[in-house]
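Some notes on the structure that comes next.
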Amino acid sequence: MVAFKLKFADKRLIFALSGFLLLFASYMAINLVVSRQKSNLLSPLGKTQVREKPLEKYSFENLKKRRGKPSQINLERVLTQHEGFTAYLFSFESDGRKITGLAHLPKKEGKLPVVVMLRGYVDQEQYQTGVGTQPAAEVYAANGFITLAPDYLGYGESDMPPPGDIWEERFLRHVAVADLLASVATLPQADTEKIFLWGHSNGGMQALTALELSGGNYPTVLWAPVSQYFPYDVLYYTNEADDGGKSLRQNLAEFEKDYDTDDYSIGKHFDWIKAPVQLHQGTADPYIPLSWSDDLASSLKKQGLEVDYYLYPGNDHNLRPDWDTVVARDLAFFKKYL
């Protein structure tokens, strides 16, 4: 009877140990799969599915590696004639999509310097080619500078951006500016050794992005630029939306599930900038806090960059009433690097 009890206990022990080992082996196998495929998800059928991150290609690290891709700049038609220059609708391609813009070409012989001009926010329904850049562009052109101001996708006569993702539309502007800079060489009148950048408001953020991604020595003028970390540079303005920014914050929450916002922020990459900068800021600007430009000037100077920072007491977002002084200082800055 005793022998029988021992045999029965042995069987129970062996069964328990076998079950434990089986569970342990299963646990280790699952952890091994997870550790090797952290970015993968398991379907109900047990097959591994790779989680796609389509916006990863727009991180600053990846866009820096991509560089600008040139295409032919086409002068499509004359818009206006002036005594010293002609205004054209121009176009180029970026990632296979057509982007139009406003070009001013001086009526001068030889190779001429180029100012790529990047506008700020304009409501799509009110936008016309040249809004935000044309007045200053005409002064620069009258003084011998070619100007190129892109409309961006969805504006002017440009193709529409890919549907459904507000963040991709934002990042495609970085791509467009990089491609336009790379395409300047296709314009016969352009001196590719003398390319400048100009950016106003959100266009200032685009100009800073272009400096970071290219690492190029493009002397740059900034008018009241958006210069904050992403996504604060977007969230700051959400109170202006009809829904108070609710839908945008929901989109941002989805974005942050898959991406690190630091990878898409100019504020994390100021050390990539290699060009001199002229910065203008009005003290009565209702859209760009004075502290933003103060901090930007300080950050760039800490990188050892040449920064000319001008404050205009009582001036608004468009640097009125001292607009003429600002433009004259721009010209002096550009000519310094000819």
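In the range 58-85, the residues that are farther than 30 Å from Trp167 by Cα form Cβ pairs under 8 Å with partners that are among the acidic types (Asp, Glu), at six or more places apart or across chains, as follows: His82/Glu138; Phe85/Glu138.
Scan the range 307-331 residue by residue and report those that are in a loop (DSSP other than H, G, I, E, B) and over 23 Å from the mean Cα position of the chain (by Cα). Working first, answer last.
Looking only at the range 307-331, we keep the residues that are in a loop (DSSP other than H, G, I, E, B), and these are 313-322.
Matches in the range 307-331: Pro313, Gly314, Asn315, Asp316, Leu319, Arg320, Pro321, Asp322.
Looking at the range 134-146, can you tell me whether even one residue there is assigned to a loop (DSSP other than H, G, I, E, B) and at pLDDT below 95? Checked against the condition, which is being assigned to a loop (DSSP other than H, G, I, E, B) and at pLDDT below 95, the range 134-146 yields no hits at all. Here Asp262 meets each of (1) closer than 28 Å to Val327 by Cα; (2) assigned to a helix (DSSP H, G or I); (3) not aromatic (Phe, Trp, Tyr) with one exception, condition (1). Reported count of residues in the range 231-248, each being of a type outside the set (Val, Ile, Thr) and buried (at least 16 other Cβ atoms within 10 Å of the Cβ), is 5.
Quick one: which residue in Leu89, Leu32, Leu42 is modelled with pLDDT of 95 or more and aliphatic (A, V, I, L, M)? Please lay out each step first, then the result.
Values: Leu32 fails: modelled with pLDDT of 95 or more; Leu42 fails: modelled with pLDDT of 95 or more.
Of Leu89, Leu32, Leu42, the one residue that is modelled with pLDDT of 95 or more and aliphatic (A, V, I, L, M) is Leu89.
For beta carbons closer than 7 Å, sequence separation of 6+ or different chains, a first residue in the range 296-309 that is in the same structural domain as Thr220 (by TED's automatic domain parsing) and on the phi < 0 side of the Ramachandran plot and a second that is at pLDDT 95 or above and small (Gly, Ala, Ser), the qualifying pairs are Leu296/Ser227; Val307/Ala297; Tyr309/Ala297.
Go through the range 210-236 and count every residue that is in contact (Cβ under 8 Å) with a residue 12 or more places away in the chain and over 23 Å from Phe145 (Cα atoms). Walk me through it before giving the result.
Of all residues in the range 210-236, those in contact (Cβ under 8 Å) with a residue 12 or more places away in the chain come to 210-231, 233-235.
Restricting the remaining residues to those that are over 23 Å from Phe145 (Cα atoms) gives 212-213, 226-231, 233-235.
Qualifying residue count for the region: 11.
Remark: Ser247 falls outside the filter, which requires a residue to be of a type in the set (S, T, N, Q) and either in contact with a Leu (Cβ under 8 Å, 6 or more places away or on another chain) or modelled with pLDDT of 95 or more (or both).
Conditions tested, residue by residue: (1) buried (at least 16 other Cβ atoms within 10 Å of the Cβ); (2) closer than 18 Å to Val177 by Cβ; (3) at pLDDT 95 or above.
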{"site": "Lys47", "(1), (2), (3)": "no, no, no"}
{"site": "Lys53", "(1), (2), (3)": "no, no, no"}
{"site": "Lys57", "(1), (2), (3)": "no, yes, yes"}
{"site": "Glu93", "(1), (2), (3)": "yes, yes, yes"}
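For Arg119, the requirement of being among the charged types (D, E, K, R), closer than 30 Å to Tyr237 by Cα and in the same structural domain as Glu193 (by TED's automatic domain parsing) is met. Among the conditions (1) farther than 19 Å from Gly203 by Cα; (2) of a type outside the set (Lys, Arg); (3) out of contact with any Pro (no Cβ under 9 Å at 6 or more places or on another chain); (4) at pLDDT 95 or above, the only one that Glu256 does not satisfy is (3).
Is it true that Val131 is surrounded by fewer than 21 Cβ atoms within 10 Å (Cβ to Cβ) and at pLDDT 95 or above?
Details: surrounded by fewer than 21 Cβ atoms within 10 Å (Cβ to Cβ): yes; at pLDDT 95 or above: yes.
Here the answer is yes, as Val131 does meet what is asked.
How about the range 264-280: which of its residues are buried (at least 22 other Cβ atoms within 10 Å of the Cβ), within 19 Å of Tyr237 (Cα to Cα) and not aromatic (Phe, Trp, Tyr)? Answer for the range 264-280, where residues must be buried (at least 22 other Cβ atoms within 10 Å of the Cβ), within 19 Å of Tyr237 (Cα to Cα) and not aromatic (Phe, Trp, Tyr): just Ile266. For Asp159, are the conditions met, namely being charged (D, E, K, R) and buried (at least 21 other Cβ atoms within 10 Å of the Cβ)? It is false that Asp159 is charged (D, E, K, R) and buried (at least 21 other Cβ atoms within 10 Å of the Cβ). Taking each residue of the range 155-172 that is of a type in the set (Lys, Arg) and looking for partners that are modelled with pLDDT of 95 or more and part of a helix (DSSP H, G or I) with beta-carbon atoms closer than 9 Å, six or more apart or interchain, yields Arg170/Tyr58; Arg170/Tyr264.
When Thr325, Thr261, Thr283 are checked against the criterion of being surrounded by 14 or more Cβ atoms within 10 Å (Cβ to Cβ), farther than 23 Å from Ala137 by Cβ, without any contact (Cβ under 8 Å) to a residue 60 or more places away in the chain and not hydrophobic (A, V, I, L, M, F, W, C), Thr261 stands alone in meeting it. Residue check: Arg119 meets all listed conditions (1) closer than 19 Å to Gln72 by Cα; (2) surrounded by 22 or more Cβ atoms within 10 Å (Cβ to Cβ); (3) basic (Lys, Arg) but one, namely (1).
The values are calculated or read from the model by the stated rules, or taken from the named source; none is laboratory data. What you are looking at is a predicted structure, and each value in this text was computed from that prediction instead of being measured. Every residue, glycine among them, receives a Cβ derived from its backbone with ideal geometry; neighbour counts consider all protein chains shown.
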